[in-house]
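Undergrad: This structure is in structure tokens; I'll ask about it shortly.
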Amino acid sequence: MIRSLDQKLAAIRANPQTTRDFILADAKDADMAFGVRAPGPRRYLASHGQRPAQFSPEVWTRAEYGYRNLPEFLDIIREVTHQGLVDIMLMSAYVNEQLTIKEGLFKNSHVTPACRANDTTDVWAVRHGCYTREPSQPFRSASIDHIQCGEIECERNGDIPGANLGLYSVTFVNELAQDREALLWYKSFREEAERKGFRHFLEVFDPNVNSGIAPEKLGEFINDNIIRTLAGVPEAGRPDFLKIVYHGPKAMEELAQYDPNLVVGILGGSAGTTYDAFKLIHDAQKYGARVALYGRKINNAEHQLAFIEMLRLITNGTMSPEEAVRAYHGVLQAKKIKPNRTLEEDSQMTDQSMSYDGSATKRSKVEVWNNPLAKTQAASTAVGDWPKHADGKPDFDKMTSAQRFAYDRARLA
């Protein structure tokens, strides 16, 4: 099975400034951070009666606990995978074993299974704990062999039964000994991954403690650390792509334009409003991001499948964030699912946390650079100004991305 991730990575590297190819990942690895709360809150039928005939994993009738259990969580992962709109499903090593190795969920799917390959202490967001208040310490629960094969030693003679892609995270705190130790652990992992043919992508968190760096300068601090870290790594050991906090247009453009082979992605942060999620992915793509990994934003949605569909419509250029919020609420209304917020409330932008425990820096608001990429993607096309057949119907084969975008906006209006 050809994975959509590999196809899109190739297309992005071939033509990074003009392609609309966008990689979307569902981060269902939160059990390595939140424990019992990881699967997210349950949603109930108003009648607390039977499940609807058209079963959706978003609606549950049992009310013993406020959070979904693991079997329910696995059901949602299956549903999202079968929907086929995401390119990556990120899981813990244990969930990967259950669904990828034992069940073969991804065997005939274009969705790529992936695992969180390390769990630094700044993601230890357990209830009543205080671990996240300390400077991030490197740590790995999962081994590469366990991710690939579910065993302590993996035989690599044929196909790997588990995931062969991992998320490795580093948190720079602007303290020499701490950051050096984190990089030594990353170096060790990188070398082991190269020997075992294991691919990875690199997540770089903002400092989880006071770093002495002004919030508006964190983007520059992170960008420089990324480039400096990877400058000593040849292609065989480099990450497939990055996952970072979106620090605004200037920082994103700066990093995205530095090296066409370095594919930049964003993390979603806390759940926030629906508009928060839709506006973030729209703006990040506009200024150079080609990947988004959303965890809590998807997991806390009233209807995850509809939420993911809206994300895909936005990255395809079919809908604006504002239109997508209204469309999403229309889906909820049609399915008789009570929204967490009114449409008016859900259309507001809020200041979201970008850390697991909610205490670290918020998403930055930085001035816009007037760059050609942004101009190209923001350019509008006059209504009706697109290729047509002799009978006046639109000729989709000859449309540019901007023309298709204008057509879809006109159709939706």
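Undergrad: Please count how many residues of region 226-270 are among the hydrophobic types (A, V, I, L, M, F, W, C), in a helix (DSSP H, G or I) and in contact (Cβ under 8 Å) with a residue 40 or more places away in the chain. Lay out the reasoning, then the answer.
TA: Step one: of region 226-270, the residues among the hydrophobic types (A, V, I, L, M, F, W, C) are 226-227, 230-231, 233, 236, 241-242, 244-245, 251-252, 255-256, 262-264, 266-267.
If we keep only those that are in a helix (DSSP H, G or I) as well, we get 226-227, 230-231, 236, 251-252, 255-256.
Filter once more, keeping what is in contact (Cβ under 8 Å) with a residue 40 or more places away in the chain: 236, 251, 256.
The total comes to 3.
Undergrad: Are any residues in region 288-332 among the β-branched types (Val, Ile, Thr) and under 22 Å from Ile244 (Cα atoms), and if so, which ones? Quick ask: steps written out before the conclusion?
TA: As a first pass, look at region 288-332 and keep what is among the β-branched types (Val, Ile, Thr): 291, 298, 308, 314-315, 318, 325, 331.
Within region 288-332, Val291, Ile298, Ile308, Ile314, Thr315 meet the criteria.
Undergrad: Could you identify the single residue in Ala360, Ala374, Ala379 that is modelled with pLDDT under 55 and touching a strand residue (DSSP E or B) at 6+ places or on another chain (Cβ under 8 Å)?
TA: Details: Ala374 fails: touching a strand residue (DSSP E or B) at 6+ places or on another chain (Cβ under 8 Å); Ala379 fails: touching a strand residue (DSSP E or B) at 6+ places or on another chain (Cβ under 8 Å).
Going through Ala360, Ala374, Ala379 in turn, just one is modelled with pLDDT under 55 and touching a strand residue (DSSP E or B) at 6+ places or on another chain (Cβ under 8 Å): Ala360.
Undergrad: If I ask for residues that are over 30 Å from Met399 (Cβ atoms) and free of Cβ contacts under 8 Å to residues at least 24 places away in the same chain, which ones from region 286-335 would you list?
TA: Gln333
Undergrad: Restricting region 118-169 to residues that are β-branched (Val, Ile, Thr) and either under 16 Å from Ala193 (Cα atoms) or more than 23 Å from the chain's Cα centre (by Cα) (or both), which is surrounded by the fewest Cβ atoms within 10 Å (Cβ to Cβ)? Working first, answer last.
TA: Here is the first cut: in region 118-169, the ones β-branched (Val, Ile, Thr) are 120-121, 123, 126, 132, 144, 147, 152, 160.
Of the ones still in play, those that are also either under 16 Å from Ala193 (Cα atoms) or more than 23 Å from the chain's Cα centre (by Cα) (or both) are 144, 147, 152, 160.
Details: Ile144: 24, Ile147: 29, Ile152: 8, Ile160: 17.
Only one residue tops the list, namely Ile152.
Undergrad: Is there a residue in region 188-208 that is closer than 21 Å to Arg116 by Cα and without any contact (Cβ under 8 Å) to a residue 12 or more places away in the chain?
TA: Initial filter on region 188-208 (closer than 21 Å to Arg116 by Cα): 188-208.
Subset that is without any contact (Cβ under 8 Å) to a residue 12 or more places away in the chain: 188, 195.
Within region 188-208, one or more residues are closer than 21 Å to Arg116 by Cα and without any contact (Cβ under 8 Å) to a residue 12 or more places away in the chain.
Undergrad: Next question. Given the conditions (1) modelled with pLDDT of 95 or more; (2) touching a strand residue (DSSP E or B) at 6+ places or on another chain (Cβ under 7 Å), and given that His329 satisfies all but one, which numbered condition is not satisfied?
TA: Failing condition for His329: (2).
For every residue, the table says whether it meets (1) under 24 Å from Phe241 (Cβ atoms); (2) outside the structural domain of Arg78 (by TED's automatic domain parsing); (3) modelled with pLDDT under 95.
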{"position": "Trp124", "(1), (2), (3)": "no, no, no"}
{"position": "Arg140", "(1), (2), (3)": "yes, no, no"}
{"position": "Ile147", "(1), (2), (3)": "yes, no, no"}
{"position": "Glu153", "(1), (2), (3)": "no, no, yes"}
{"position": "Leu165", "(1), (2), (3)": "yes, no, no"}
{"position": "Arg180", "(1), (2), (3)": "no, no, no"}
{"position": "Leu183", "(1), (2), (3)": "yes, no, no"}
{"position": "Tyr186", "(1), (2), (3)": "yes, no, no"}
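Undergrad: Given the conditions (1) farther than 21 Å from Thr132 by Cα; (2) touching a helix residue (DSSP H, G or I) at 6+ places or on another chain (Cβ under 8 Å); (3) surrounded by 19 or more Cβ atoms within 10 Å (Cβ to Cβ), report the number of the one that Val291 does not fulfil.
TA: (2)
Undergrad: Val126 fails exactly one of the following numbered conditions: (1) part of a loop (DSSP other than H, G, I, E, B); (2) over 17 Å from Phe201 (Cα atoms); (3) without any contact (Cβ under 8 Å) to a residue 60 or more places away in the chain. What is the number of that condition?
TA: (3)
Undergrad: Which ones in region 74-104 are surrounded by 21 or more Cβ atoms within 10 Å (Cβ to Cβ), assigned to a loop (DSSP other than H, G, I, E, B) and not acidic (Asp, Glu)?
TA: Across region 74-104, the qualifying residues are Val86, Ser92.
Undergrad: Here is a list: Leu311, Leu332. Which entry is over 22 Å from the mean Cα position of the chain (by Cα), surrounded by 18 or more Cβ atoms within 10 Å (Cβ to Cβ) and not in a loop (DSSP other than H, G, I, E, B)? Lay out the reasoning, then the answer.
TA: Details: Leu311 fails: over 22 Å from the mean Cα position of the chain (by Cα).
Only one candidate qualifies: Leu332.
Undergrad: Checking Thr274 against (1) crowded, with 22+ Cβ neighbours inside 10 Å; (2) out of contact with any Pro (no Cβ under 9 Å at 6 or more places or on another chain); (3) more than 13 Å from Phe22 (Cβ to Cβ); (4) among the hydroxyl-bearing types (Ser, Thr, Tyr): exactly one of these is not met. Which one?
TA: (2)
Undergrad: Could you grab the pairs with beta carbons closer than 7 Å, sequence gap of 6+ or different chains, first residue in region 1-24 and closer than 16 Å to His110 by Cβ and in the same structural domain as Met252 (by TED's automatic domain parsing), second one part of a helix (DSSP H, G or I) and at pLDDT below 90?
TA: Short answer, once both residue conditions are applied: none.
Undergrad: Which residues, counting only those in region 13-29, are modelled with pLDDT under 95 and under 17 Å from Lys286 (Cα atoms)? Full working, then the answer.
TA: Step one: of region 13-29, the residues modelled with pLDDT under 95 are 13-20.
Answer for region 13-29, where residues must be modelled with pLDDT under 95 and under 17 Å from Lys286 (Cα atoms): Arg13, Asn15, Pro16, Gln17, Thr18, Thr19, Arg20.
The values are calculated or read from the model by the stated rules, or taken from the named source; none is laboratory data. Here the structure is a predicted model, which means the values were calculated and not measured. Note: ideal-geometry Cβ built from the backbone for every residue, glycine included; neighbour counts use all protein chains shown.
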